[in-house]
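Please treat every number below as a calculation from the coordinates, not as lab data. All values derive from a computational prediction rather than experimental measurement. So basically every Cβ, Gly included, is an ideal-geometry build from the backbone, and we count neighbours across all protein chains shown.
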Amino acid sequence: MVRTSKEFPGVEWVEGTGDFIKINEVKCVGCSNCVNVCLAGCFKIVNKKSKIINLDKCMECAACWYVCKEEAIDFSWPKGGTGYRSDWG
């Protein structure tokens, strides 16, 4: 099943990506870098720790992983070619 969004024209999400982002709460210091960099609004700070609130609009860019100085985010691209697709590659 393919989903689209008016917020992100030209983008599709395919069901079945599984867990590809995880946050290590022990390492997370609540700096909010992941919250600030995520265009899809997948994260928020709860009790001074980052939490994934929803990955429905995640564009699998790995920006959250890249900006996490504490290495608290474990990111791997979804297997099998599922997940985010765009008109731009």
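Give me, ordered by chain and number, the residues 5 or more places off Phe43 or on other chains with an amide H under 5 Å from its own placed amide H. Hits under the 5 Å cutoff: Ile53.
For the pair Tyr66 and Leu39, the difference between a 0.36 nm per residue extended length and the Cα-Cα distance amounts to 8.3 nm. Out of region 8-76, which GluC sites (Glu not before Pro) are coil in DSSP terms and have no more than 13 other C-beta atoms within 10 Å? Those that pass, being in a loop and sparsely packed, are Glu15, Glu25, Glu71. Residues whose amide H comes within less than 5 Å of that of Ser50, counting only those at least five positions distant or on another chain, are Gly30 (H built at 1.01 Å from N in the peptide plane).
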